Structures are given as structure tokens and as C-alpha cells.
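Scroll down for the structure; my scribbles are underneath it.
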Amino acid sequence: MQAYWNSLQLRERLLLVVTAAIVMLLLIYLQLIEPFYLHKQTLVSTIASSKEDLQWMVAARDEVKSHQAKNGTQANRYKGSLLSTLDQSIRKNGLNESMDRIQPDGERVQIWFENAGFDQLILWIGKITQQYGIEVDTVVVEQGNSTGRVDARLVVGNRS
């Protein structure tokens, strides 16, 4: 290699050094700097999207509150224990076949459903929040065994 380098003229050596430097700078740019800027652009667009979502949620919350205040709608409170009310509601709405487990957790209740109808589950959640004033804290939904079927875990409790 040394013999090859020494056989080159000064102009050729200079051209090789400059070319190697340009290739090295290009590699540094492509491997380090450009991915950084692309990631930064992605984060900026994600933040902008999240801000828009937040503004929509705040507006929707305010609209719901004003609608409730305007109409004087207050959710009907259930009679008896939260656990028994949920159990009766699940049976009444045909979800008892899909209910795997229902368990009290302090002032909350955890409910597990397996292979429940998605539409049926969503309608039931709407009913318990509107009719009984039960608040749904957490909903985790996973795809079930077939189309339209889901496995779900809910944590529900009293509205404050």
C-alpha cells in the first residue's frame, strides 16, 4: 500500500485525500446528523398533533359540562352496592356469558370479559355511565377469537 501511495503524483494524492474526507463527512452526515433531524421533525409533528387533540378534548369536555348544566342532567345513582349493581347490569345486558371475573378493588371494581361482543360491551359501558353514574376509569381491549369479539378488562367506580 505504501508503494502504491508513493507511486502517485502529488495531485493524485491530494485528490484521494479530499475524496476520502468528503466521503467521511457524507457518512457522518447520513449516519448521525440526518437521522437526528428526521427524529426531531417527527417529534415536532407529534407534539403539534397532540396539542390539537388536547384542544379538541378540552372543547368536548366543556361542551359536555355546559350541556349537562343546561339540561340539568345528573346520572341516576344506583341503589345497593356497586358490585351487585354491575353484576345485575351485566346479566340484564346479556354479557354474563362473556364475563370471566368480577372483583372488588377498594372503592373500584375490576371486570374481565372474554370473547365479548364489542358493540354489546360498548353499549353496556354507555348504559352504566349514563343510567347509574358509574365512572369507567380504565378500559383495556384486545382482539378476541373472531371478528367483532374482544377480550376486555375494565376498572369502574363511583363518580366523584
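Against the criterion of being outside any helix (DSSP H, G or I), among the acidic types (D, E) and touching a residue at least 12 places away in the same chain (Cβ under 8 Å), E97 does not qualify.
Restricting the search to the range 109-120, which residues are under 14 Å from D87 (Cα atoms) and surrounded by 17 or more Cβ atoms within 10 Å (Cβ to Cβ)? Within the range 109-120, V109, I111, F113 qualify. Would it be correct to say that G126 is within 19 Å of N158 (Cα to Cα) and either in contact with an Asp or Glu (Cβ under 6 Å, 6 or more places away or on another chain) or among the small types (G, A, S) (or both)? Yes: the conditions hold for G126.
Of all residues in the range 127-152, those being open to solvent by 20 Å² or more (accessible area, probe 1.4 Å) and either closer than 20 Å to S84 by Cβ or in contact with a helix residue (DSSP H, G or I) (Cβ under 8 Å, 6 or more places away or on another chain) (or both) number 12.
Okay, residues lined up against (1) in a strand (DSSP E or B); (2) touching a residue at least 60 places away in the same chain (Cβ under 8 Å):
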{"site": "I111", "(1), (2)": "yes, no"}
{"site": "D119", "(1), (2)": "no, no"}
{"site": "I125", "(1), (2)": "no, no"}
{"site": "Q130", "(1), (2)": "no, no"}
{"site": "D137", "(1), (2)": "yes, no"}
{"site": "V140", "(1), (2)": "yes, no"}
{"site": "S146", "(1), (2)": "no, no"}
{"site": "A152", "(1), (2)": "yes, no"}
{"site": "V156", "(1), (2)": "yes, yes"}
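The values are calculated or read from the model by the stated rules, or taken from the named source; none is laboratory data. Since we're looking at a predicted model, the values are computed, not measured. So basically every Cβ, Gly included, is an ideal-geometry build from the backbone, and we count neighbours across all protein chains shown. Each accessible area value is taken on the protein alone, full model and side chains, heavy atoms only, with ligands, DNA and RNA left out. Shrake-Rupley method; radii C 1.70, N 1.55, O 1.52, S 1.80 Å.
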